[in-house]
Amino acid sequence: MSTKGPNIKLILAALAAIVMFSPPSGLAQPAQGGADAADEAALLAELAEADAERAPQIEARLQAIWSRSGSPAMDLLLERGRRALETGDAGAALDHLGALTDHAPDFAEGWHLRASAWFEAGRFGPALSDLERALALNPSNYRAIYGLGMILEELGDKAPALRAYRRAQAIAPQDAHIAAAVRRLQQAVGSREL
């Protein structure tokens, strides 16, 4: 599959705009009740200031909020897709997550996880498209932003990848994978102005 072409470039431009111009604490995904939205905002603020010991607990609570669709059936599809990905079955994950995104198109985590499945299958175009949707719905999902950075880096777009990694790091500064990616690309990109 060719990853170069007008569609990929258009998707990358749209994703760059979403990632770079949305506020890090933006809450575009509709929360399931006012308490979740308040909890999410508080957790994001706490995560930005947390030490390395406390950060995983905060991240788990955020993931719990982001993994609730409001429908037990959709939550089950998400869980089945997640399990399929964990066992390396990208095809089954795509089946479950495709059904999820069809039936719950406003559920950001479904799009994010399906982007991960496309990435695992080596299909960067569909992964970018799903990340675009996920980040439009939830611009604070630092894991989706990190995934965008991974794809950009894989495509050889190091400066935009570094910007995505830095954006993810602004939200989750203690994440070791994000920090390693920032260090790696800072060395690759050098000191030139981004």
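Taking the stretch 166-175 as the search range and keeping residues that are within 18 Å of residue 52 (Cβ to Cβ) and without any contact (Cβ under 8 Å) to a residue 40 or more places away in the chain, which one is most open to solvent (accessible area, probe 1.4 Å)? Walk me through it before giving the result.
First pass over the stretch 166-175, keeping only residues within 18 Å of residue 52 (Cβ to Cβ): 168-175.
Keeping just the survivors that are without any contact (Cβ under 8 Å) to a residue 40 or more places away in the chain gives 168-169.
Numbers: 168: 0, 169: 51 Å².
Per the criteria, the residue is 169.
Taken together, the residues in the stretch 168-194 that are of a type in the set (S, T, N, Q), at pLDDT 90 or above and over 16 Å from the mean Cα position of the chain (by Cα) amount to 2.
Could you go through the stretch 140-161 and let me know if any residue there is within 15 Å of the chain's Cα centre (by Cα), within 18 Å of residue 107 (Cβ to Cβ) and not in a helix (DSSP H, G or I). Checked against the condition, which is being within 15 Å of the chain's Cα centre (by Cα), within 18 Å of residue 107 (Cβ to Cβ) and not in a helix (DSSP H, G or I), the stretch 140-161 yields at least one hit.
Looking across 86, 120, one residue alone is closer than 20 Å to residue 59 by Cβ, free of Cβ contacts under 8 Å to residues at least 40 places away in the same chain and open to solvent by 50 Å² or more (accessible area, probe 1.4 Å). It is 86. Residue check: residue 87 meets all listed conditions (1) within 18 Å of the chain's Cα centre (by Cα); (2) at pLDDT 95 or above; (3) farther than 20 Å from residue 131 by Cβ but one, namely (1). Looking at the stretch 43-84 only, could you name the residues that are out of contact with any Leu (no Cβ under 8 Å at 6 or more places or on another chain) and not in a helix (DSSP H, G or I)? Result: 50, 51, 52, 53, 54, 68, 70, 71.
Kindly indicate whether any position in the stretch 176-186 is touching a helix residue (DSSP H, G or I) at 6+ places or on another chain (Cβ under 6 Å), farther than 28 Å from residue 52 by Cβ and in a helix (DSSP H, G or I). Lay out the reasoning, then the answer.
Restricting attention to the stretch 176-186, the residues satisfying the condition of being touching a helix residue (DSSP H, G or I) at 6+ places or on another chain (Cβ under 6 Å) are 178, 181-182, 185.
With the extra rule that they be farther than 28 Å from residue 52 by Cβ, the set shrinks to none.
No; the residues of the stretch 176-186 include none that is touching a helix residue (DSSP H, G or I) at 6+ places or on another chain (Cβ under 6 Å), farther than 28 Å from residue 52 by Cβ and in a helix (DSSP H, G or I).
Of the listed requirements (1) more than 30 Å from residue 50 (Cβ to Cβ); (2) open to solvent by less than 10 Å² (accessible area, probe 1.4 Å), residue 126 misses just one: (2).
Can you tell me which residues in the stretch 99-116 are more than 11 Å from residue 133 (Cα to Cα), crowded, with 16+ Cβ neighbours inside 10 Å and not polar (S, T, N, Q)? I'd like the intermediate steps shown before the answer.
We begin by selecting, within the stretch 99-116, every residue more than 11 Å from residue 133 (Cα to Cα); these are 99-100, 102-104, 113, 116.
From what is left, the residues that are crowded, with 16+ Cβ neighbours inside 10 Å are 99-100, 104, 113, 116.
Correct list: 99, 100, 104, 113.
The values are calculated or read from the model by the stated rules, or taken from the named source; none is laboratory data. Given the structure is predicted, the values throughout are model-derived calculations rather than measurements. With ideal geometry, Cβ positions are generated from the backbone for all residues, glycine too; neighbour counts draw on all protein chains shown. With ligands, DNA and RNA removed, areas are computed over all heavy atoms of the protein, side chains included. Shrake-Rupley method; radii C 1.70, N 1.55, O 1.52, S 1.80 Å.
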